[in-house]
Structure formats: structure tokens, C-alpha cells
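To start, the structure under review is shown below, and the notes come after it.
The values are calculated or read from the model by the stated rules, or taken from the named source; none is laboratory data. This structure is a prediction, so every number in the text was calculated from the model and none was measured. Here the Cβ positions follow ideal geometry from the backbone for every residue, glycine too, while neighbour counts run over all protein chains shown. These accessible areas exclude ligands, DNA and RNA; they are computed on the full protein's heavy atoms, side chains included. Shrake-Rupley method; radii C 1.70, N 1.55, O 1.52, S 1.80 Å.
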Amino acid sequence: MSDKAILEIDGNKYEFPIITGTENEKAIDIKALRGATGGITTIDPGYKNTGSCESAITFLNGEEGILRYRGYSIEELADKADFLEVAYLLIFGELPTQAQLDKFHGDIKAHSHVDEDVKKILDGFPKSAHPMGVLSSLTSALIAFNPSSVNTDSEEDMYQAIVKIMGKFPVLVAWALRKREGQPLDYGDDSLGYVDNILKMMFKKPNADYVVDPVVSNALDKLLILHADHEQNCSTSTVRIVGSSHAGLFASLSAGINALWGPLHGGANQAVLEMLEAIKEDGGDTKRYMAKAKDKNDPFRLMGFGHRVYKNFDPRAKIIKVAADEVLNALGVDDPILDIAKGLEKEALEDPYFVDRKLYPNVDFYSGIIYRAMGIPVEMFTVMFALGRLPGWIAQWKEMRNRKEPIGRPRQVYTGENHRAFKAVTER
Ligand code: ACO
């Protein structure tokens, strides 16, 4: 392939370099476009063809169903690594040695205290508040309690900001759940691993000990790893673009949480379970819902199906489907909606509408079934996604700041009124 692209406009030819990534991905570098052409821009709603940055964190090949963090396959990481190792890998670029991992965990624990006054903010929310709204608000509120700005030219400053949020975020997640359930707010237990501690913070009852079930802990670890990064998706792009204005890490993360909340993105895991429940209540009539999903006059979509990038099986969905069977068996849970999900998947994979559009189950199709078996309420599903995505957001923010990327500021093509004279209200 040529290493340049030629654009011809009104007989004038402009040359643009084609850059190649380490996995041989090609992109036309149009940085010089407007300057060279006297102001012509490009338009690409939804950024379906537009790369916003170069990144060395996550590689994704949607046609072949490949996902790798820093070069390691998601299958191998889900099988062999734990979430904290994967977080370190994403953020710092290499798998940690035992000493690095111990230090990372120790520093996170040292920062896991959340100011008692944050509880007063939480108090102001109604119990019925969606925990994603609570989580984004409390993440934002952390700025007020940690007001010193991070010197992003200092690796030590960056590191301190990172361990701070890695320590405090799970506390906020647990508090969002406990508030909803009317349970007293608590702190973690430093004797436990990162994920076990999260489970204890979420589920410990005030009048009983909490013993971590290894089946639940392993399942959560795997789910968090599978959600940990996914290159330039909607919430990650949000984190990078907010951070590109030099807003701080916590502010960027809070914006990312809100982007994740939408049902077309992370909110799909809640929407999938609600859909499967509705199908069950409706007597398990999957055909009716398949027909609704295909009907262009009906806004209903088969939640948990389709992906902007994967035009093949989402590799994470394959792992989660197997895990769902294992976890439900190990916990002795017989959930009829797992059968509905499997039935729906089978029908969709044989249906020309889904086959032609390359719509496969995505990461969220089966994750909710596992969360539910673990005793996590439906409204918390997207919060669990945010917990998993935290290291990815941090890694992407750090990379963006380290590379000194310019402020994100897209162009537009204006389609409104031309200049017109103002009319006084009496003349309109
Ligand atoms: N059910 C029915 N039809 C669908 C679905 C679906 N879940 N997804 C896409 N389609 C159809 C569209 O109607 C469109 O059909 P057309 O070509 O006849 O108009 C075609 O497939 C392409 O769909 P787009 O919306 O253009 O694809 P896009 O890449 O913009 O959207 C998205 C991707 C948002 C994920 C979409 O597939 C969707 O809404 N899925 C359901 C929500 C979901 O599961 N989201 C989670 C994604 S994973 C994540 O963010 C963690």
C-alpha cells in the first residue's frame, strides 16, 4: 500500500501521509488538511472513520474479534492475571513484578480513606437515586476534598493521583450500594485483596461477619478484567477530551462515568437484564422481541447485541458466556433468564437481519446474569462496569497527558441561517 493519500479538489491535488500502527492499521493523517486546502474540513458523525489519537494501550480488531491490553490477549489475562495486575499493566505499560504489585496495592490501601464529610453529600441523595448518578457526583465531589492540582510532568504526582482514586473509588461504589439498601457506610479491610475487599465493603452486614466466597470473588475479578479497557469508546473518549482541557483526573473520570451510563454504552448491561426479565414475564416469547428488534418502526433494540467496532463475536462475550454457566453452577443458582438469553442468542445468530448486519452478542449480554447471581442489584450493574473500566480510563488519561495532546475541539459544518438583521420584539 502507498504511504500517501492524494485528495483532488477543483483540480488541485493535496498529499497526505498514511501512518501505520504496530498492528499494520493504516490511517490518513489529515492534520494539515485545513491549512493546505484553505479551510476544508472533514465530517464524520459518531467518528465512525476517525481516529482521535495514537495509543499504545489496547489493540482491538473488530473483524477478527481480537482484544489485547498492552499486547496480552484478553483470554490469557482473564485466565491467568488478577484485576490489580491488569490495572497496573494498563496504567504503567508492563505487568508488575511482585514487589511493584505489593507497593501498588500498599499505596492504594494507604489512600482508601474517604473524608467523612463525603457521607454528608451522600446523605442528601434520595435512596431511589440511580447509583451511577451518585457515583459520578461523589467522584466529582472528591475534587473538593483533594483540591491540589496534579503536576502531570511529575511521574510521582501522577502516581499519587492514580493510587488515590484507585483507593477511594471502590469505597464510593460500595457506599452507592449501601445507601440504596439502607446499610451503614463502612470502610474496607486492609487485610484483603483488592477485589475481595470490594465485595466485603459492598455486602458486609453490620451484625454478621462477611466471608468472601472464592467463586464470587473469581467471577468479579474476571468481569472487572474484561471491562478494564476498550480503546477509544464513548466514555474513554469523554475522559480524554475532558482531560485535554487540563481538567483534573477526578473531573475527567466523573464525566466518563456519565458517558458510560447511557443504555447504548455501559448502561446496556442493566437494559439487557430488564429486557430478559420482560421477556420472561411475557411468557418467554423471544420471537416477539426478535420481531420488535427488526421492526424499523419500533425503537426497541435487542440490548446486548451489536457493537460499533466488533463485526464478529465480541471476545469478551465468549468468555462471559462460559463464566455465566460456571458461576451459576458453582453457586447453585438456577436462573431461567440464562436460558432465555441463550435462546435469544441462538435465534439472532441464525436470523438474516442480525447475520447481514454482523450483530453479535457484546460484553453486556451475559454479564448481568452473573452479577445477579452474585447478589448485585440490577441498578448497580453499570456501576460495576465503571469499577472495571477505572484503570482503562486512568491509563488513557495518563497517556493523553504524557503525550501532551492538544485540547479536543472538533469542527462542524454549519447548516443554520445566514446573517440576518435583528427585529425588535414588536416587529416579529
Ligand atoms: N438490535 C436491532 N438492530 C440493531 C441493533 C440491535 N441491538 N444494533 C444495531 N442494529 C441495526 C441498526 O438498526 C442498523 O440497521 P440498518 O442498517 O437497517 O439501519 C444497523 O444494525 C447498524 O446499527 P448502528 O446503530 O448504525 O450501529 P452503531 O455502530 O452506530 O451502534 C450500538 C452500535 C450502539 C452498540 C448498537 O449496536 C446498539 O444500539 N446495540 C444495543 C445496545 C448495546 O448493547 N450497547 C452496548 C454496546 S457494548 C458497550 O458499549 C460496552
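Tabulated results
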item	result
Every residue from the range 344-359 that is open to solvent by 30 Å² or more (accessible area, probe 1.4 Å) and either in contact with a helix residue (DSSP H, G or I) (Cβ under 7 Å, 6 or more places away or on another chain) or hydrophobic (A, V, I, L, M, F, W, C) (or both)	347, 349, 353, 355, 359
Long-range neighbours under 8 Å by Cβ, at least six apart or interchain, first residue at negative phi and open to solvent by less than 30 Å² (accessible area, probe 1.4 Å) within the range 285-308, second within 9 Å of the ligand (Cβ to nearest atom) and of a type in the set (Gly, Ala, Ser)	290/348; 302/293; 302/348; 305/293; 305/348
Qualifying residue in the range 394-409 (condition: touching a helix residue (DSSP H, G or I) at 6+ places or on another chain (Cβ under 9 Å), open to solvent by 10 Å² or more (accessible area, probe 1.4 Å) and without any contact (Cβ under 8 Å) to a residue 12 or more places away in the chain)	yes
In the range 308-336, the residues that are in contact with a helix residue (DSSP H, G or I) (Cβ under 9 Å, 6 or more places away or on another chain) and within 16 Å of the ligand (Cβ to nearest atom)	308, 310, 314, 315, 316, 317, 318, 319, 320, 321
One residue from 357, 428 being of a type in the set (Lys, Arg) and touching a residue at least 12 places away in the same chain (Cβ under 8 Å)	357
Any hit, the range 266-289, residues being within 15 Å of the chain's Cα centre (by Cα), more than 9 Å from the ligand (Cβ to nearest atom) and among the β-branched types (Val, Ile, Thr)	no
Odd one out for residue 351, checked against (1) within 13 Å of the ligand (Cβ to nearest atom); (2) under 30 Å from residue 157 (Cα atoms); (3) not hydroxyl-bearing (Ser, Thr, Tyr)	(2)
Count - residues of the range 276-309 that are closer than 30 Å to residue 59 by Cα and either in a helix (DSSP H, G or I) or among the charged types (D, E, K, R) (or both)	2
Tally of residues being part of a helix (DSSP H, G or I) and in contact (Cβ under 8 Å) with a residue 24 or more places away in the chain across the range 93-114	6
Any hit, the range 2-21, residues being loosely packed, with under 13 Cβ neighbours inside 10 Å, under 33 Å from the mean Cα position of the chain (by Cα) and assigned to a loop (DSSP other than H, G, I, E, B)	no
Search result, residues across the range 410-424 that are of a type outside the set (Phe, Trp, Tyr), under 16 Å from residue 45 (Cβ atoms) and loosely packed, with under 10 Cβ neighbours inside 10 Å	412, 413, 415
Helices (runs of 4 or more DSSP H) contained in the range 310-370 and holding at least 2 residues modelled with pLDDT of 90 or more and under 20 Å from the mean Cα position of the chain (by Cα)	315-331
Residue tally, condition within 20 Å of residue 322 (Cβ to Cβ) and free of Cβ contacts under 8 Å to residues at least 40 places away in the same chain, over the range 63-72	2
